[in-house]
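The values are calculated or read from the model by the stated rules, or taken from the named source; none is laboratory data. None of these values were measured; they are calculated from a predicted model. A quick note on method: Cβ atoms are made from the backbone with ideal geometry, for glycine too, and the neighbour counts reach across all protein chains shown.
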Amino acid sequence: MRRSSLLSLVTLGLLVSGCASSAPAATNRPSLSPTSAAGSPVTATPGGVPLLTEGPITPGTYAVAGGRYGWAQCEFPPPTGCPQEPAHASTMLMEITIPDGWVAPAGSGGTVIAPEGPGATQGPDGAGIVVRWSGLTTGLHSDPCLPVSHLPTDIAVGVTVDDFVDAVIAHPELEISEPVDTELDGYPGRFFKLTGPSDISDCDNWRPWEPGIYVQGPSNLWGVWTIDVDGLRVILLAEEFAGTPAEVKRQLREMIESIHFVPTP
């Protein structure tokens, strides 16, 4: 399997629409950074919370912007068109508190949080968080072991939290824990753990759904939170391994638990 880091996995193209050659070009796609009415980049929320950008992270609370990313999955069949977006789909911010020793890797657009150091997301002891939500359009691959980086999905998924979680449960190739009800920042959802295959040597990527990442090594462990934020499905993922240090695992959970959704900036 190709050994590239999460910073090369979770690029804007990956989270937005997958392989550009597999889908029609999107139009009117939002820019990576929000802009003011005058068109200049926005670097902080009206409340003064800085936007998370690529590079080393000074400990503190940051906002992740760009809720529309992920809607371009509608370009892939089987979806034939995008569902109606909630009004806050393009304006919602997600605030997250990040401790010392973490970075937003180059190429991630400020949507990935990883420990400092090369290959920090990979097995046998890596970790990371993907904090970009996927919107209402997510599809599953019937065979997650892909011969190329991205392919159109062939299992359609509905627009609710239950639609996504139930589709994952029903997938015969996915090893997951029994989903449990949860909430994040007072919003309801469901949580499950996914265990990647112990042998991925025949896979270019092992990627169960689009938009999404691929496993970072054999037996990669994913914690997946799927949250309903006033009708907008939010999918958050924390990945680790059996060998990931306990302190790093603790920080992963604390970062997820710190998340605060701000429907309008």
Need the failing condition index for Thr97 against (1) among the hydroxyl-bearing types (Ser, Thr, Tyr); (2) farther than 21 Å from Asp228 by Cα; (3) modelled with pLDDT of 90 or more, just the number.
(2)
Yes/no for Ser219 being among the hydroxyl-bearing types (Ser, Thr, Tyr), assigned to a loop (DSSP other than H, G, I, E, B) and exposed (fewer than 14 other Cβ atoms within 10 Å of the Cβ)
no
Quick check on my filter: what residues within the stretch 191-223 are in contact (Cβ under 8 Å) with a residue 40 or more places away in the chain, of a type in the set (A, V, I, L, M) and under 22 Å from Val157 (Cβ atoms)?
Ile213
Can you tell me which of Asp185, Asp125 is at pLDDT 95 or above and within 24 Å of Glu54 (Cβ to Cβ)?
Asp125
Considering the stretch 214-228 alone, what residues qualify as being farther than 20 Å from Ile169 by Cβ and within 15 Å of the chain's Cα centre (by Cα)?
Tyr214, Gln216
Taking the stretch 239-249 as the search range and keeping residues that are more than 16 Å from Lys193 (Cβ to Cβ) and out of contact with any Gly (no Cβ under 8 Å at 6 or more places or on another chain), which one is surrounded by the fewest Cβ atoms within 10 Å (Cβ to Cβ)?
Ala246
Please identify the pairs in which a residue from the stretch 103-117 that is modelled with pLDDT of 85 or more has its Cβ atom under 6 Å from the Cβ atom of a residue that is in a loop (DSSP other than H, G, I, E, B) and among the polar types (S, T, N, Q), counting only partners at least 6 apart or on another chain.
Ala114/Thr121
Which condition number in (1) in contact with a strand residue (DSSP E or B) (Cβ under 9 Å, 6 or more places away or on another chain); (2) within 17 Å of Pro245 (Cα to Cα) is the one that Arg132 fails?
(2)
For the stretch 139-171, give me each residue that is hydroxyl-bearing (Ser, Thr, Tyr) and touching a residue at least 60 places away in the same chain (Cβ under 8 Å).
Ser149, Thr153, Thr160
Quick one: count up the residues across the stretch 222-238 that are buried (at least 22 other Cβ atoms within 10 Å of the Cβ) and outside any strand (DSSP E or B).
0
For the stretch 170-194, how many residues meet the condition of being outside any loop (DSSP other than H, G, I, E, B) and surrounded by fewer than 14 Cβ atoms within 10 Å (Cβ to Cβ)?
6
Quick one: count up the residues across the stretch 48-57 that are touching a residue at least 12 places away in the same chain (Cβ under 8 Å) and either over 13 Å from Val112 (Cβ atoms) or more than 17 Å from the chain's Cα centre (by Cα) (or both).
6
Candidates Thr195, Thr138, filtered to the one that is within 30 Å of Ala87 (Cα to Cα) and either modelled with pLDDT under 95 or in contact with a strand residue (DSSP E or B) (Cβ under 7 Å, 6 or more places away or on another chain) (or both)
Thr138
